[in-house]
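The structure appears below as structure tokens.
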Amino acid sequence: MRLQLNGASIDTQAATLSALLQAEGFGDAKVATAVNGTFVPALERADHALNPGDAIEVLAPMQGG
Amino acid sequence: MRDFYGTRLANGLMLGTAQYPSPAILAEAFRRSGASVATVSLRRESGQDRAGQDFWQLIRDLGVHVLPNTAGCHSVKEAVTTAHMAREIFDTKWIKLEVIGEEDTLQPDVFGLVEAARILSEDGFQVFPYTTEDLVVADKLLHAGCEVLMPWGAPIGSGLGLNNLFGLRAMRSHFPDVSLVIDAGLGLPSQAAAAMELGYDAVLLNTAVAKAGDPAAMAEAFATAVRAGQLGCIADPMEPRDMAAPSTPVIGKAFLE
């Protein structure tokens, strides 16, 4: 299916959010996730099914003021 | 110094982590200043570069309190979602809540700020709201659950210092038991000292240090100024007066006319 990952359009076979993170190279990286503007806690990623057109945000610690 | 949601800080310097020439200089700025809090943010991560992972390790190695922000958020929903993501990543209830309302000044949208502060406070967050010196807004933020207020000194990144001394002094007087932090706008150590002399509990700055020619030296200068201003406040300064008053006793002065 086709969806948006951090603003970029991608094709994926991943059925869940955790599978998508694994497939896209995040592995055990310290990240937080949101789908369609709603926060998805790490513990819920494995059960969070993805749908075509979903917009996924994967955020990590960055410099800030 | 008043505490911050039960946490007593070693000093009143909160330092941002953006815009440094290099990670090593960032670390050196924290080492030389002894800043007690580091502000951090969240941004999109790449599965290939994973740049955020190295940064997070650098921050952990600093051994300071971490204050995540919601910088760049312009709506309540955006700020609340970002706060939830930050709480999970940084494992802290602290959140520096920014809801920006105006692009040129980066002035907070105080209406959205109060609403977001209420939502987050009810959800267990310990909110550090980036606000103005408006006393009515401050009161609403306290009623929303905030125990800390962070009025701006001047627009973010401007280096203009304390633009509204009257308003900031009034805020200190109006809320004697609330922890107050000057957040944003400082450009010089003397301005940080002035903030602490007003009785503020801390200052939060980034650009003034990161964009200095020697960031680590500037960080140390700010730390020294914060300490000087705090001591000056505690020492109970004299009241200023309009007319001169000789400090040298005139009694016993020789008559030499």
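The values are calculated or read from the model by the stated rules, or taken from the named source; none is laboratory data. On a predicted model such as this, the values are computed, not experimentally measured, just so you know. Here Cβ is always computed from backbone atoms with ideal geometry, including for glycine, and neighbour counts include all displayed protein chains. What goes into the accessible areas is simple: the full protein's heavy atoms, side chains included, and nothing from ligands, DNA or RNA. Shrake-Rupley method; radii C 1.70, N 1.55, O 1.52, S 1.80 Å.
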query: Mind checking which residues of segment A:38-55 are surrounded by 15 or more Cβ atoms within 10 Å (Cβ to Cβ), more than 12 Å from chain B (Cβ to nearest Cβ) and among the charged types (D, E, K, R)?
result: A:D54
message: Condition check: surrounded by 14 or more Cβ atoms within 10 Å (Cβ to Cβ) and either of a type in the set (G, A, S) or more than 22 Å from the chain's Cα centre (by Cα) (or both). Does B:G252 satisfy that?
response: no
statement: Of the residues in segment B:23-46, those that are farther than 11 Å from B:L62 by Cα and either within 13 Å of another protein chain (Cβ to nearest Cβ) or touching a Pro at 6+ places or on another chain (Cβ under 6 Å) (or both) number 10
- line: A careful count of residues in segment A:1-25 that are in a loop (DSSP other than H, G, I, E, B) and either within 10 Å of the chain's Cα centre (by Cα) or of a type in the set (F, W, Y) (or both) gives 2
- request: Select, from B:R87, B:R118, the only residue that is free of Cβ contacts under 8 Å to residues at least 60 places away in the same chain, more than 14 Å from chain A (Cβ to nearest Cβ) and open to solvent by 10 Å² or more (accessible area, probe 1.4 Å).
  value: B:R118
- prompt: Looking at B:D177, B:D183, which one is closer than 22 Å to B:T7 by Cβ, surrounded by fewer than 18 Cβ atoms within 10 Å (Cβ to Cβ) and charged (D, E, K, R)?
  reply: B:D177
task: Residues that are more than 29 Å from B:L26 (Cβ to Cβ), in contact with a Gly (Cβ under 9 Å, 6 or more places away or on another chain) and touching a residue at least 60 places away in the same chain (Cβ under 8 Å): find the helices (runs of 4 or more DSSP H) completely inside segment B:122-231 holding 3 or more of those.
output: none
field: Residues within segment B:193-218 that are open to solvent by less than 10 Å² (accessible area, probe 1.4 Å) and closer than 20 Å to B:Q19 by Cα, tallied
entry: 7
query: Listed residues A:A29, A:A60; which is part of a strand (DSSP E or B), small (G, A, S), within 27 Å of B:K96 (Cα to Cα) and within 10 Å of chain B (Cβ to nearest Cβ)?
result: A:A60
query: Among the residues of segment A:14-37, is there at least one that is farther than 30 Å from B:L205 by Cα, open to solvent by 20 Å² or more (accessible area, probe 1.4 Å) and in contact with a His (Cβ under 7 Å, 6 or more places away or on another chain)?
result: yes
